[in-house]
Amino acid sequence: MRFRSIVLPLALIAAVTSTGGCVVAIGGAALGSAMVLSDRRSTGIQVEDAEIEHRVNDVITQRFGTATHVDVASYNQRVLLTGNALSAADRAEIERLAAGCRGVRQVINEIRVGTYGGVRSFLADTELAGKVRSALLEQKTLPGGVIQVVCSDGTVYLMGLVGAQEAQTAESAVQRVSGVRRVVALFEVLTDAQLAQYRRGTAQNPSAGPAAVGSGQ
């Protein structure tokens with residue numbers, strides 16, 4: 001059975017439970033209605049990201065079936081791959097397949113070579129995602145809905161269109177959460193002028209604009 005990575009917008013007010021079915025609903029249907037309202041991406045880009053995830057998952061499944069466990073998250077047409085592949089060659093092939101999908105402008109390959117930890121690992125990441133979301137919600141200077149959180153084997157990936165101070169605040173908050181092994185910030189950092197446009201509601205979606213910043217600890 002393939003489980004999806006936990007991808008939670010800050011504005012999603014829903015309890016993360018310890019059952020797989022409820023978690024998938026939170027990351028799927030419930031996520032869809034929340035992110036359109038509060039996300040800094042345009043509605044069109046949000047739809048495109050959902051379609052990209054479908055395309056990438058489809059080509060991976062067609063090529064590997066159930067031999068790998070790979071999770072796909074697309075934010076602003078940048079694709080994050082997490083999970084497990086059985087070999088380095090499979091890992092590279094999955095990245096190549098993802099990069100060839102329509103609409104993808106960057107692939108970030110965080111797939112580990114090895115076997116998948118199973119339901120226990122999935123539930124641990126689910127619990128951790130809830131703790132991370134709560135920590136981010138407590139940061140009064142972070143607007144709700146601007147950051148996506150992906151948890152995989154204790155590593156927390158942060159994606160979003162944010163200002164420099166917002167990025168620093170989010171990363172610092174997540175680093176203090178118990179159970180987090182590593183934080184990888186994959187933000188696209190907005191200039192002050194772009195951030196001001198978003199706050200006024202006049203920004204155009206920067207599908208190729210802001211500088212991408214990645215860091216991990």
| query | In bins 5 Å wide, starting from 0, what share of all Cα pairs of segment 37-176 does each bin hold, as a percent? | reply | 2, 10, 19, 19, 20, 16, 10, 4, 1
| task | For Asn84, list long-range residues whose amide hydrogen, built 1.01 Å from N in the peptide plane, is under 5 Å from its own amide hydrogen. | result | His69, Val70, Asp71, Arg112
| Mean 1/r over all different Cα pairs, inverted: what Kirkwood radius does segment 39-115 give, in Å? | 12.4
| task | Please report, in Å, the Rg and the Dmax of segment 120-174, where both are computed over Cα atoms only. | result | 11.2, 36
| remark: Those trypsin sites (Lys or Arg not before Pro) from segment 58-132 that are DSSP loop and have at most 15 other Cβ neighbours within 10 Å turn out to be Arg102, Arg105
| Put +1 on the Cβ of each Lys and Arg and -1 on the Cβ of each Asp and Glu in segment 117-203; which of Ala164, Val119, Ile147 then has its Cα farthest toward the positive end of the dipole? | Val119
| Contour minus Cα-Cα distance for Ala67 and Leu86 (0.36 nm per residue) | 6.1 nm
| What chymotrypsin sites (Phe, Trp or Tyr not before Pro) in segment 43-131 are in a loop by DSSP, with at most 14 other Cβ atoms within 10 Å of the Cβ? | none
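Quick note: the coordinates plus some simple rules give every number you see, no bench work behind them. Keep in mind the model is a prediction, meaning the values are calculated, not measured. A quick note on method: Cβ atoms are made from the backbone with ideal geometry, for glycine too, and the neighbour counts reach across all protein chains shown.
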